[in-house]
Amino acid sequence: MVVVGLSRARTPVDHLLGAVAVPANAVTGWLKNRGRSTPRPLAMTAPARPADMTFDDIVREAGDVLPGARLRRRLFWRYTLVWRRPPA
C-alpha cells in the first residue's frame, strides 16, 4: 500500500521546510506552465481535507497500525507511507 499525504507543521524544522517550499512551489508552477493560465487537472479536483496530524503523529500511528511501514518526507509539504503486508 502506498499513501501520499500532507502533514501539519508543528516543529521549527517543519515550518522552515514549509517556508522553503512556498517559493519553490511557485517557481515549479511557473516553469511547468510558463506563465500560462491553465485549468486544474482532474486529479486536483478530488475531495481533500486540511492536514490535522503532524509528521511525528503519523509515524507513531502508522507504527501501531501498520508495523514495518516506511514513511519519508517529500517536497511541498508531502510525505509517503509505504507498507507491504507480511507473508502469511
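Taken together, the values in this text are just the output of simple stated rules run on the coordinates, not laboratory data. The structure presented is a predicted model; accordingly, all values stated were derived computationally and were not measured. Virtual Cβ from ideal backbone geometry, glycine too; neighbours counted across all protein chains shown.
Annotations for the structure displayed:
- Set against the 2.2 N^0.38 Å expectation for a compact globular protein, the chain has a Cα radius of gyration ratio of 1.31.
- Near-label residues of the range 1-32 by backbone N, under 18 Å of a point 7 Å along Cα→Cβ of ASP52: 5-10
- The share of C-alpha pairs in the range 40-88 whose separation exceeds 16 Å stands at 54 percent.
- With the charge dipole of the chain set up from +1 on Lys and Arg Cβ and -1 on Asp and Glu Cβ about the Cα centre, the Cα lying farthest toward the positive end among the listed residues VAL65, LEU42, LEU75 is that of LEU42.
- PHE76 long-range amide H proximity, modeled H, under 5 Å: none
- Estimated FRET transfer efficiency when R0 is 30 angstrom, pair VAL22-THR45 (beta carbons, to 0.05): 0.85
- For peptides 29-37, 66-74, sequence by mean Cβ density within 10 Å, most packed first: 66-74, 29-37
- Angle between the chain longest axis and helix 55-65 axis [Cα atoms, degrees, rounded to 10]: 40
- Rounded to 10°, Cα long-axis angle of helix 12-33 versus longest principal axis of the chain: 50
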